[in-house]
Amino acid sequence: MQEKKEKLLEDKEVSKDIEQNIAWWKQLFSDCADIKMREMYLGKQMDVKAFLSYIEITGGKDMLQESALGKMLSRLKEMSSEELGSALQKNALGMSDATPFSTLLDAANGMLTGDSILFVDGFDQALKIPDKGYPGMSLQETESEKALRGSNEGFGTSIKQNTALIRKRLRSVNLKVTECKCGRQSNTNVDILYMENITRYAVVEEMQERLRQFEIDGVQDSGVIEQLTETQWFSPFPQFQTTRRPDRAVMALLEGRAVLLSDHSPEALIFPTDYNSFIKTTDDYYTRWEIATFTRALRYVASVLSMILPGLYLAMTNFHTQLLPTKLLLSFAAARQGVPFPGVVEILLMELSFELLREAGVRLPGAMGNTIGIVGGLIIGQAAVDANIVSPMVVIVVAFTALCSFAIPNEDFATAFRLLKFAFIGLAAALGFYGFLLGILVLLIHLAQLESFGVPYLMPVVGAELSGYKDAQDTLIRPPMWSLHRRPIYAKRNNRIRLRIKKQGKNTNTDREK
């Protein structure tokens with residue numbers, strides 16, 4: 001039976017004899033109740049047999065009356081058999097969206113994308129005619145990437161809809177979309193978007209090569225592609241930037257980066273990326289530079305404190321108390337009176353409790369999840385202090401660490417600091433300040449050698465000379481918009497200018513490309 005099925009899946013040309021096509025089609029889709037097949041007759045004399053197949057949910061009850069397919073069939077019924085064959089061969093009906101397939105297997109895969117397939121007796125090609133397609137979620141607001149200014153539209157689960165959202169904001173003939181399939185069984189559509197005149201095509205080629213290097217049964221989310229195409233999978237730091245905001249994806253395209261969209265997934269993958277890109281938000285460019293610089297500096301500080309603060313507290317209170325002022329040290333000692341556990345146990349208890357509350361809040365629906373996170377943290381922290389299980393200072397440190405992690409704009413990026421936080425706690429508990437510094441050294445070495453599609457992860461702190469030290473202008477400080485003349489290092493070297501100020505009919509630019 002298996003050999004028969006494999007033989008059936010061999011590529012076979014569409015025959016002019018429609019009975020052969022129908023027999024192959026029915027055998028391929030046997031035991032598929034959701035695949036609808038309809039036989040009909042076309043032409044003035046009703047002497048030309050046709051065969052229509054579609055997935056039940058993609059074809060409405062009025063499909064043959066109101067859709068483009070219905071109008072096409074109505075016109076074919078008015079033609080003679082000779083005129084009908086000629087019209088199909090020359091596309092005389094002007095069906096620009098109709099796609100001809102010369103093999104039956106291509107036609108079957110075309111139908112599985114959500115369209116209808118039409119066979120006509122005497123015509124040696126199958127026609128894929130777009131219909132309403134698979135049902136999908138409508139546009140929605142982005143919950144994970146809140147913005148004070150700008151559009152709140154978010155990506156949905158349809159790749160065509162997501163591509164259109166980007167095209168709506170970037171109406172340029174230079175925006176290119178390459179399509180491929182991922183998943184041996186799922187045949188998931190994957191699109192790579194890039195600006196032909198800005199993006200280095202070597203980045204797109206490298207991504208295409210990485211996609212060809214693996215074969216998997218199914219791809220249900222872009223996260224599967226992200227994990228399979230990362231070169232340094234052992235690193236906790238993501239080598240792709242994820243976003244659900246079309247305006248963020250467009251901003252990345254205009255910087256010279258590429259965007260990957262996967263069907264069924266509302267998450268877009270942006271590549272290449274670096275540390276600085278994860279700290280930036282769309283708000284940074286929609287608001288005045290003073291407040292944008294202030295909030296960006298807060299995020300930089302928060303990203304560091306969310307990782308090192310508990311370990312630093314342990315190192316200074318357990319090993320290096322001489323670094324603390326006497327009054328502060330006495331305050332810490334008074335707060336710990338009656339606590340039966342050492343400092344590292346206190347920290348781990350509270351950190352694990354907060355992580356459990358965070359996970360519970362994510363899994364619980366709607367407002368209940370937010371309530372569990374806030375009320376649960378207050379109740380557990382207060383109860384632990386009243387029971388002398390932990391000291392009040394530990395609760396403050398852990399709560400402040402959690403706040404810092406929430407200030408990081410990208411959830412995947414924040415997760416890396418949440419994991420490294422426990423490594424710093426272990427090093428500080430074992431070796432004190434020396435272990436803390438050892439952890440910082442290992443982390444900096446790892447980040448210095450980490451790359452994303454050839455771009456240093458610490459760019460522009462590392463490799464700033466590659467861009468003539470111009471990328472460093474838009475890191476900790478967000479300069480005034482009128483001074484952001486150049487695109488980042490991702491863009492092609494001969495097309496780095498993105499802003500020219502016009503004065504008295506002349507273009508002026510303080511930093512022309514040489």
- Item | region 135-158, subset open to solvent by 70 Å² or more (accessible area, probe 1.4 Å), of a type outside the set (D, E, K, R) and in contact with an Asp or Glu (Cβ under 9 Å, 6 or more places away or on another chain), residue modelled with the highest pLDDT | LEU148
- Task: Report yes if some residue within region 341-360 is loosely packed, with under 13 Cβ neighbours inside 10 Å, touching a residue at least 40 places away in the same chain (Cβ under 8 Å) and either within 19 Å of LEU431 (Cβ to Cβ) or out of contact with any Pro (no Cβ under 9 Å at 6 or more places or on another chain) (or both); otherwise report no.
- Result: no
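Are any of the residues in region 412-434 touching a strand residue (DSSP E or B) at 6+ places or on another chain (Cβ under 9 Å) and touching a residue at least 60 places away in the same chain (Cβ under 8 Å)? I'd like the intermediate steps shown before the answer.
First, the residues of region 412-434 that are touching a strand residue (DSSP E or B) at 6+ places or on another chain (Cβ under 9 Å): 412-413.
Keeping just the survivors that are touching a residue at least 60 places away in the same chain (Cβ under 8 Å) gives 412-413.
Taking every residue of region 412-434 in turn, at least one turns out to be touching a strand residue (DSSP E or B) at 6+ places or on another chain (Cβ under 9 Å) and touching a residue at least 60 places away in the same chain (Cβ under 8 Å).
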- Filtering region 331-340 for residues that are of a type in the set (A, V, I, L, M) and either modelled with pLDDT of 85 or more or open to solvent by less than 50 Å² (accessible area, probe 1.4 Å) (or both) leaves a count of 2
- Message: Under 6 Å between Cβ atoms, which residue pairs at least 6 apart in sequence (or on different chains) link something in region 285-310 that is within 17 Å of PHE436 (Cβ to Cβ) with a partner that is of a type in the set (Gly, Ala, Ser) and open to solvent by less than 40 Å² (accessible area, probe 1.4 Å)?
- Response: SER306/SER405
- Task: Answer yes if at least one residue in region 207-220 is under 17 Å from the mean Cα position of the chain (by Cα) and either open to solvent by 60 Å² or more (accessible area, probe 1.4 Å) or of a type in the set (Val, Ile, Thr) (or both), and no otherwise.
- Result: yes
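Counting just the residues of region 87-117 that are in contact with a Ser or Thr (Cβ under 8 Å, 6 or more places away or on another chain) and assigned to a loop (DSSP other than H, G, I, E, B), which one comes out modelled with the highest pLDDT?
Residues of region 87-117 that are in contact with a Ser or Thr (Cβ under 8 Å, 6 or more places away or on another chain), as a first pass: 92, 110-111, 114-117.
With assigned to a loop (DSSP other than H, G, I, E, B) added as a condition, the list becomes 92, 114-115.
On the way: ALA92: 44, GLY114: 76, ASP115: 81.
Top of the filtered list is ASP115.
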- Yes/no for SER306 being more than 15 Å from ILE408 (Cβ to Cβ), under 36 Å from the mean Cα position of the chain (by Cα), of a type in the set (S, T, N, Q) and crowded, with 17+ Cβ neighbours inside 10 Å: no
- Message: Name the residue that is farthest from ALA423 (Cα to Cα), counting only residues in region 251-275 that are part of a helix (DSSP H, G or I), open to solvent by 10 Å² or more (accessible area, probe 1.4 Å) and touching a helix residue (DSSP H, G or I) at 6+ places or on another chain (Cβ under 8 Å).
- Response: MET251
- Among the residues of region 431-482, count how many are open to solvent by less than 30 Å² (accessible area, probe 1.4 Å), in a helix (DSSP H, G or I) and at pLDDT below 85. 4
- Given the conditions (1) within 30 Å of the chain's Cα centre (by Cα); (2) at pLDDT 85 or above, every one holds for VAL120 apart from (1)
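The values are calculated or read from the model by the stated rules, or taken from the named source; none is laboratory data. Nothing here was measured: the structure is a model prediction, and the numbers come from that model. Glycine also receives a Cβ, built like all others from the backbone with ideal geometry; neighbour counts cover every protein chain displayed. The accessibility values were calculated without ligands, DNA or RNA, using every heavy atom of the protein model including side chains. Shrake-Rupley method; radii C 1.70, N 1.55, O 1.52, S 1.80 Å.
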